[in-house]
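Q: Got a structure for you, questions after.
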Protein chains: 2
Amino acid sequence: MANSGTRTVAVMTAIRQRIAARSLPAGARLPSIRALALSMRISPSTVVEAYERLVAEGVIRSRPGAGFFVTEQPAPLTLAAIGPRLDREIDPFWVSRASLEAVPTLPMPGCGWLPADWLPQDALRRGLRGLARAQPAMLGDYPSLLGLLPLRQFLARRLGTVGVEVPPQQVMLTDSGTQAIDDICRLCLEPGDAVLVDDPCYFNFLALLRAHRARIVGIPRTPAGPDLEAMETAIARHKPRLYITNSALHNPTGGTLSPVIAHRVLKLAAEAKLTIVEDDIFADFEDEPSPRLASFDGLERVIAIGSFSKTLSASIRCGYIAARPDWIERLADLKIATRFSGNGASAALVLTVLQEGGYRRHVEALRARLRRAMQHTIGALAKLDIQPWLVPKGGMFLWALLPNGIDAESLARASIEAGMVLAPGNVFSPGLTASNRMRFNVAQCQEPRVFALLEQAMALQSSRRAG
Amino acid sequence: MANSGTRTVAVMTAIRQRIAARSLPAGARLPSIRALALSMRISPSTVVEAYERLVAEGVIRSRPGAGFFVTEQPAPLTLAAIGPRLDREIDPFWVSRASLEAVPTLPMPGCGWLPADWLPQDALRRGLRGLARAQPAMLGDYPSLLGLLPLRQFLARRLGTVGVEVPPQQVMLTDSGTQAIDDICRLCLEPGDAVLVDDPCYFNFLALLRAHRARIVGIPRTPAGPDLEAMETAIARHKPRLYITNSALHNPTGGTLSPVIAHRVLKLAAEAKLTIVEDDIFADFEDEPSPRLASFDGLERVIAIGSFSKTLSASIRCGYIAARPDWIERLADLKIATRFSGNGASAALVLTVLQEGGYRRHVEALRARLRRAMQHTIGALAKLDIQPWLVPKGGMFLWALLPNGIDAESLARASIEAGMVLAPGNVFSPGLTASNRMRFNVAQCQEPRVFALLEQAMALQSSRRAG
C-alpha cells in the first residue's frame with residue numbers, strides 16, 4: 001500500500017522516537033541497515049534512504065566502516081529537526097509545523113497552499129531570467145523605503161479594481177502578508193489588549209496574536225460574515241483594538257461577506273473606534289469581486305493587506321499594506337527599525353509576473369481547476385459521510401463536517417502517523433467549537449490515496465472508540 | 001557645478017517644501033514649466049524631469065492641456081514621499097531614511113552599504129539564471145521551517161572557520177540581519193528592560209531598541225572593545241538582559257575586539273546571566289578572522305547573527321541566527337507566528353553565489369579595493385583637517401574627528417541641502433557624545449565631488465558661526 005516515501009518516513013519516525021525516548025541515547029549505535037530492514041519488513045534501500053536523511057538533518061552521523069550513531073548533540077531540539085512530534089499539543093502551530101516540515105511527496109490536504117506545479121512556473125522562470133538582465137542597482141541596492149514604486153503603483157491600480165481607492169504612497173511592501181499583520185499589531189497592541197477574530201479563522205492569526213499576548217475574542221462566523229450580535233456584545237465587553245478578518249473567500253470556511261453585514265460591521269467599528277485589518281490574500285481566486293470592507297470604508301478604519309503566496313509563489317515572498325497616511329508613516333519607521341528594508345529582487349519578480357499578459361490567463365485557468373477540484377473533493381468526501389459546511393464560490397478551502405463520533409483532532413493524529421497532514425477544526429477555532437470540523441485544501445486532494453488514508457484513519461478511530 | 005540629477009532634485013525639493021508649507025495647497029496648480037525654469041535658472045527639461053518624478057510619486061498629477069496640480073490627497077505624508085525633511089530631528093532614523101530615499105546618482109558617504117557595482121553582479125546574474133531552471137518546489141513552495149537546509153549546512157561550516165562550532169539544526173534563516181536581532185529582542189525583552197550597546201554603535205540598533213521600548217545603556221567603545229569598567233558598572237546598575245555588539249570591524253569605528261577584552265566580557269556576562277547578540281555582518285571584510293565572542297563561548301550565552309547585504313546583495317535579502325537549541329525552538333515558533341516562513345528563492349540564490357568559486361575571489365578583490373578606498377579617503381579628509389579616530393584593519397567604515405568648531409549634525413544638514421547624505425556622529429551615540437565625529441563609508445567616497453561638497457558645507461558652517 002504505502003509507497004517508498006511513506007516507508008522512508010516511517011523509518012525516520014521510528015528512529016526519532018527511539019532517540020526521543022532515550023532508548024537510543026546520544027552516541028549510541030543505530031541498528032544495522034540489514035537488521036532494521038528485516039525487523040521492519042522493508043527493503044535495505046529504504047533504510048539507507050532514511051538514515052541518509054537523518055544524517056542530513058544532523059540527528060545521526062555516519063562513521064565509515066563502523067555504522068550510524070546518534071549525534072552527541074542530543075536530538076529532540078526542535079520540531080524542525082525531529083519532524084512533527086506526535087505528542088505536541090494540537091495548537092495553532094501544529095498544522096504550520098507539520099505542513100512546513102512534511103516530506104514533499106506526501107499528500108497535505110491540511111496545508112494552506114497550492115501544489116508548486118499549479119503555480120505560474122513558466123512566468124516565474126521568465127521573470128528570473130529577466131531579473132538576471134536588470135540594472136546593477138536592482139540586483140545590489142536596498143529598495144526604496146516603502147518598496148519598489150512600480151509595484152506599489154500596480155497594487156494601487158489593482159486595489160482600485162475591487163473598489164479600494166489608494167495612491168501608491170499609501171501602499172507599503174512587506175516580506176509577507178503575515179508580516180503585514182504583524183507590523184500593524186506591533187503598532188497598536190499592548191499585551192492584554194483584546195482583538196476580534198472570526199471563529200473559525202486562519203489558525204496563524206491565533207499564533208500571531210499569542211505572540212503579541214493579545215486577548216483573542218472569537219466572533220462566530222456565519223456564511224455571510226461575522227455574527228453581528230455577538231460582535232456588538234464583544235465590542236461592548238472587551239473594548240477590542242483590532243478586528244482581523246478575510247472578507248472574500250474567508251479562511252477556513254470559504255464564505256463571502258455580504259454587503260449588508262459589511263456595512264453593519266463598519267458602523268460598529270466606527271462607533272467603537274475599532275481598526276479592521278482585512279486580509280485579502282485570496283483576491284485572485286474570485287471570479288467576481290465580492291464586497292470589501294476597505295472599499296466601503298475608504299481606508300478610514302480599514303487597513304487592507306495581501307500577498308502573492310497563494311497564486312504566484314510561496315518561495316518568492318512579497319506582501320503589502322494599504323493604509324491611511326499616518327499609519328504608513330509609522331509603519332515605515334517600524335520597517336527600518338525591525339528589518340531596515342525589504343526584498344527588492346522579490347518585489348521586481350512579483351511585478352514582472354503580475355504585469356505579464358499570461359498572469360491573467362494563469363489565474364483564470366487556476367480558478368477553473370480549483371472549481372473542478374472542489375467538485376471532486378466534495379464528491380469523494382461525501383462517500384465518507386463528510387459534508388461541506390458551505391459550498392464556497394471559489395478558492396481552495398472546504399470547511400467540512402465530520403460524521404458523528406469522529407473527532408477531528410484524533411483523526412489528524414491518526415493521519416499524521418500515516419504521513420498525511422490534516423487541519424483539524426479546533427486549530428482554527430479560538431472557542432474550540434469545531435471539534436467535528438476539518439479544513440480540506442481541495443488542490444491537495446487530487447490523489448485517491450488522500451481519501452484512502454482518510455478512510456483508514458476514520459476506521460481506526462471508530463474501532464478504537466468501539467474497543 | 002551641480003549635475004542634472006542634482007538640479008532635478010533641487011526642483012523636487014523646492015516643490016515639496018512649498019506643498020509642505022501649504023504655499024501650494026492641495027489642488028493648486030504648479031508653476032508652468034517655462035516659468036519655473038526661468039525663475040530657477042535651469043533648463044525646462046530639468047523641470048519636466050522633476051515634475052514627472054513627482055507625478056510618479058503621487059505628489060502631483062498632470063491634467064493634459066491644463067498643467068500640473070498638487071494631488072488632493074495632500075502631500076507631506078511620509079518621508080518616503082517627500083524626501084528627507086530638513087526639519088526632521090536627526091535621530092536614528094534620519095540617516096536610514098535619507099539614504100534609502102536618496103536619488104541614486106548622488107554621493108552617499110553616510111550610507112552603510114557598497115555601491116551596487118562593487119557587488120558580485122555576474123555571480124548574481126548566473127545565480128538567477130540557475131534559479132530559473134530549478135525544480136518547481138523551489139520556485140513555488142514555502143521553504144522548510146528553519147530555512148533551506150543546504151544553506152544552513154554551508155553557514156554552519158562557515159561559522160566553523162571563525163571558531164564557532166554549530167550544527168545546521170541550530171541555524172535558522174531570517175530575511176535580514178536586522179530581523180535576526182529583532183526576533184531575539186522579541187523573545188527576551190519587555191518594555192523598560194535595559195540593553196547594553198556600544199557607544200557609538202550602529203544607529204539602527206538604537207531604532208530597533210526604541211521600537212522595543214528598551215532602556216538603552218551605552219558602553220563607551222575603546223579601540224579594542226567595550227570599556228570594561230563602564231560595562232561592569234552598567235551591569236550592576238541596570239541589570240541588562242542583552243548586549244548587542246559587533247566584534248569584528250565594529251560599526252561605526254572599524255575597531256576589532258581584543259582576545260583579552262573578549263574573555264572579560266564573557267566573564268561579566270556569565271556572572272550577570274546576560275545574553276550577547278554578536279552581529280557578524282562584516283565577517284567577509286576581514287583578511288584574518290579576529291576574535292569572536294561566539295567562538296570563545298560556544299553559543300552558551302552568545303547568539304551569532306549575520307547577513308549578506310554587505311558583500312553579496314542588499315536587494316536579495318537573507319540573514320541567519322546561530323543559537324542554543326532552546327532559542328532556536330522558540331525562534332522557529334516566532335517565525336511561523338510573525339511571518340509564517342522565509343524567502344526560499346533568496347536563500348537558494350545566496351547559497352549559489354556563496355558556493356561559487358568566484359565568491360572567494362570577489363571577496364578578496366573587494367578587500368583590496370576597500371583598502372585602497374580607505375587610504376584615499378583618509379588622505380582626502382586629512383586635507384580638510386578631518387582625522388581618523390582609528391585606522392581600521394578593513395571594511396568600509398572610517399570613524400573620523402571633525403576639526404574644532406565644526407558640528408557634525410549641522411554639517412549633515414548643510415550637506416543634505418546639496419543632496420549629499422552624511423552620517424553625523426550622534427546618530428550612532430546613545431549618550432550623544434559624538435557631536436564632532438562623522439562616519440564615512442570609504443566605498444562611497446570615490447568621487448572628488450564628495451570632498452568638494454564637504455568643503456563647501458564646512459565653509460558654510462564656519463561662515464555662519466562667524467556671522
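A short reminder: the numbers here are calculations on the coordinates, not readings from a lab. Note that the coordinates shown come from a computational prediction; the quantities given were computed from them, not determined experimentally. Glycine also receives a Cβ, built like all others from the backbone with ideal geometry; neighbour counts cover every protein chain displayed.
Q: Between the alpha-carbon centers of the stretch A:345-393 and the stretch B:277-340, tell me the distance in whole angstrom.
A: Taking the Cα centre of the stretch B:277-340 as reference, the centre of the stretch A:345-393 is 38 Å away.
Q: Among DSSP beta bridges lying fully in the protein assembly as shown, give the percent that are antiparallel, nearest 5.
A: 60
Q: Continuing with the same structure: How much FRET efficiency would the formula 1/(1 + (r/R0)^6) give for A:GLN387 and A:GLU288, where r is the Cβ-Cβ distance and R0 is 30 Å, rounded to 0.05?
A: It comes to 0.70.
Q: Mind listing the label-point distances from A:LEU384 to the same position on all other copies, shortest first, one decimal in nm, points 7 Å along Cα→Cβ?
A: Taking the point 7 Å beyond Cα along Cα→Cβ, the inter-copy spacings are 7.1 nm.
Q: Further, regarding this structure: Using modelled backbone amide H atoms (1.01 Å from N, in-plane), which distant-in-sequence or interchain residues come within less than 5 Å of A:THR222's amide H?
A: Amide H to amide H, under 5 Å and 5 or more residues apart or across chains, A:THR222 pairs with A:ASP227.
Q: Nearest 20 debye, what's the magnitude of the dipole of chain A about its Cα centre given +1 on Lys and Arg Cβ and -1 on Asp and Glu Cβ?
A: So the magnitude is around 1140 debye.
Q: Here is a follow-up. Can you list which of the trypsin sites (Lys or Arg not before Pro) found in the stretch B:363-422 are DSSP loop residues with at most 10 other C-beta atoms within 10 Å?
A: Filter output for the stretch B:363-422: B:LYS383.
Q: Kindly put A:MET12, B:MET420, A:MET40 in sequence by how many other C-beta atoms sit within 10 Å of each C-beta, fewest to most.
A: Numbers: A:MET12 21, B:MET420 25, A:MET40 16.
So the residues, fewest neighbours to most, are A:MET40, A:MET12, B:MET420.
Q: Arranged by the count of other C-beta atoms within 10 angstrom, fewest first, what order do A:THR245, A:THR13 take?
A: Fewest-to-most ranking of A:THR245, A:THR13: A:THR13, A:THR245.
Q: In addition: Give a residue-ordered list of calculated ³J(HN,Hα) values for the stretch B:302-308 (Karplus: 6.51 cos²θ - 1.76 cosθ + 1.60, θ = phi - 60°; whole Hz; x for Gly, Pro).
A: Once rounded to whole Hz, the list reads 9, 10, 9, 10, x, 7, 10.
Q: Let me know the charge dipole size of the stretch B:300-377 about its Cα centre in debye, to the nearest 20, where only the beta-carbon of Lys, Arg (+1) and Asp, Glu (-1) is charged.
A: 460
Q: Compute the longest continuous run of chain B that contains no exposed GluC sites (Glu not before Pro); treat a site as exposed when its DSSP state is not H, G, I, E or B and it has at most 14 other Cβ atoms within 10 Å.
A: Between exposed loop sites, the widest span is B:301-467.
Q: A further question on this structure: Taking a point 7 Å out from Cα toward Cβ as the label site, list the nm distances between B:ARG34 and the same residue in every other copy, smallest first.
A: Counterpart label points of B:ARG34 in the remaining copies fall at 9.8 nm.
Q: Rounded to the nearest 500, what is chain A's calculated 222 nm mean residue ellipticity when only DSSP H runs of at least 4 contribute -39500 (n - 2.57) each, over all residues?
A: Numbers: 18 runs with 215 residues, N = 467.
Estimated from H runs of four or more residues: -14500 deg cm²/dmol.
Q: Can you list the lysines whose alpha carbon sits under 24 Å from that of B:LYS393, skipping same-chain ones fewer than 8 residues off?
A: B:LYS393 reaches B:LYS310, B:LYS383.
Q: Next question, about the same structure. Counting other Cβ atoms within 10 Å of each Cβ, which trypsin sites (Lys or Arg not before Pro) in the stretch A:21-67 have at most 10 and sit in a DSSP loop?
A: Within the stretch A:21-67, the qualifying trypsin sites (Lys or Arg not before Pro) (loop, at most 10 other Cβ atoms within 10 Å) are A:ARG41.
Q: With a length cut of 30 Å (Cα positions projected on each helix's long axis) and a Kyte-Doolittle mean of at least -1.0, go through chain A and give me the DSSP H helices that pass. Display every interim value, and only then the final one.
A: Details: long enough: A:357-383 (41 Å, -0.61).
Span-like helices, by this rule, are A:357-383.
Q: Suppose we keep just the DSSP beta bridges with both residues in the stretch A:200-359; what percent of those would be antiparallel, to 5?
A: Approximately 45 percent, going by the DSSP bridge assignments.
Q: List the lysines whose Cα lies under 19 Å from the Cα of B:LYS267, skipping any in the same chain that are fewer than 8 positions away.
A: B:LYS239
Q: Starting from the Cα gyration tensor of the protein assembly as shown, take the square roots of the eigenvalues, sort them a ≥ b ≥ c, and report rounded, prolate or oblate (rounded when a/c is under 1.5, otherwise prolate if a/b is larger than b/c, else oblate).
A: oblate
Q: Between copies, how far does the label point of B:ARG464 sit from its twins, in nm, shortest first, when each point is 7 Å from Cα along Cα→Cβ?
A: Listed shortest first, these distances are 7.5 nm.
Q: Sticking with this one: Quantify how strongly other chains surround peptide B:114-123 by giving the mean number of their Cβ atoms within 10 Å of each of its Cβ atoms.
A: So the per-residue partner count for this stretch is 3.
Q: List the relative contact order of chain B as a percent without decimals, with contacts defined as Cα pairs under 8 Å and 6+ residues apart.
A: Averaging sequence separation for qualifying contacts and normalising by length gives 18 percent for chain B.
Q: I've got another one for you. For the stretch A:121-355, build the convex hull from the C-alpha positions and give me its volume per residue in Å³.
A: 112
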